[in-house]
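Below is one structure, written out as structure tokens; comments come after it.
What follows is calculated from the coordinates using simple rules that are stated; it is not laboratory data. In this text, all values refer to a predicted model and were calculated from it rather than measured experimentally. Because the Cβ atoms are built from the backbone with ideal geometry, glycine has one as well, and the counts that use them run over all protein chains shown.
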Amino acid sequence: MIKSIIDKATGFEKRFENINTVVFENSIDASKAVAREIATLIKSKQENNESCILGLATGSSPKGLYAELVRLHKEEGLSFKNVISFNLDEYYPMEPNSINSYVRFMKELLFDHVDILPENAHVPDGLLTKQQIADYCHDYEAKIEALGGIDLQILGIGGNGHIGFNESGSLQNSKTRLVALDHITRV
């Protein structure tokens, strides 16, 4: 539910959003609950012959989630054939097979263990030249928009409080772009 009022001093609308928040005892329970929500979404989209567009994160936050999604695939038959994923991030510059690459991270934790089609798993390219980055970022966003947007987005919270690699100072409306990482984030 979104409530809004008009601020008498400025004349601008102020919005107040009630975001459903669930607190879990531990990250295992949280990972299982989120995996069940994703599985339900994937199956619902499958029943309607639709693609399920997932925004995926990396780092330590989603590791348990990906393990549970792999378990659901292997033990309960959850198929990822209708899933198209767009990852939030990749380090730059970065070889895709580097130990620090998020391409490698996603393959090791999820993509190599489920039946997602390789052409449907999108991770930003860490091998671009600086001159290619702006156009690449625009095209990445255009692919998402052409599919109707993200159905569900997974975000992580960094050690310095950033959400989804939006370091301090990022604008609310910023999209795919090259970001200078805070020292704490790099460590």
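Values for this structure:
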read-out	value
Fraction of beta bridges assigned by DSSP in segment 32-187 that are antiparallel (%, nearest 5)	20 percent
Label-point gap, in nm, between residue 33 and residue 74 - each point 7 angstrom along Cα→Cβ	2.6 nm
Kirkwood hydrodynamic radius of segment 12-105, from inverse mean 1/r over distinct Cα pairs, in Å	15.5 Å
Mean shadow area of segment 34-77 over all directions, Cα convex hull, nm²	3.2 nm²
With at most 14 neighbouring Cβ atoms within 10 Å, loop chymotrypsin sites (Phe, Trp or Tyr not before Pro) (DSSP) excluded, longest segment of the chain	25-187
Charged-residue dipole, Cβ positions (Lys, Arg, Asp, Glu), the chain about Cα centre, Debye nearest 20	320 debye
Computed label-point distance, nm, for sites residue 143 and residue 43 using a 7 Å Cα→Cβ extension	2.9 nm
Candidates 21, 40, 129: whichever shows maximal mean-square fluctuation once the chain is modelled as a Gaussian network with Cα springs under 10 Å	21
Along each principal axis, Cα extent of segment 25-170, largest first, Å	45, 36, 29
